[in-house]
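In what follows, a structure is listed as structure tokens, so that the remarks can point back to it.
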Amino acid sequence: MNAVLRWLEANELPDEQPEEGWGNWIIGLTGDDNIELAPTKEFRELLLELDNIAEDEQSLGRYLGQIEPLGKDLAQSQSDGVRIMTMGMSKGLTVRATIVVGVEDGLVPRPNSDLSEERRILYVAMTRAKEYLFCTWAGRRRGATARAGNPSTDHRRYSHFLEGGPVESEDGRDFLEGRS
């Protein structure tokens, strides 16, 4: 994909969407000697599928904007590793399980921050999971993180953003019950 993008940046592009669609057009570029790598089978299928659902007469930039998040998903689905990122960086990804750490008042939302933006970012992080979502918080912090987001080292509680959510307990206990 990077080779195709470099070629697109260096060459003149059609003003209008090709009759065969942008996906077929990009796949056709892989026969060009200046493009070192052909797309994987999965990526070729993705481009062709996008041609079927893409709007008529859209620009190449808009088309590439549609495939960027799908490309992230494809790359992530082919990886067996764990990705550690900020909540905001998770936008556009979907994964089997998501663990959001530090979901406690004073950290989420951060002090003196825009509450609607903080809620939106937490929502983004929490909706990445297809099957499992785990949110953690510390009842008490020690060491260098003892005052992180909270001037007091007293007992902490989960973020008020979690209150009233549609979460069910699988073990029969109250979902927000603390565990020792």
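Since every read-out is calculated from the coordinates, none of them should be taken as a lab result. Note that this is a predicted model, so its numbers are computed, not measured.
Output ³J(HN,Hα) for region 102-108: one whole-Hz value per residue in order, computed from phi by the Karplus curve 6.51 cos²θ - 1.76 cosθ + 1.60 with θ = phi - 60°, and x for Gly and Pro.
Karplus-based 3J(HN,Hα) across region 102-108 equals x, 8, 9, 4, x, 10, 9 Hz.
List the residues whose amide H sits under 5 Å from the amide H of Leu133, counting only those 5 or more places along or on another chain, with H placed 1.01 Å from N in the peptide plane.
For Leu133, whose amide H was placed from the backbone, the distant partners under 5 Å are Thr98.
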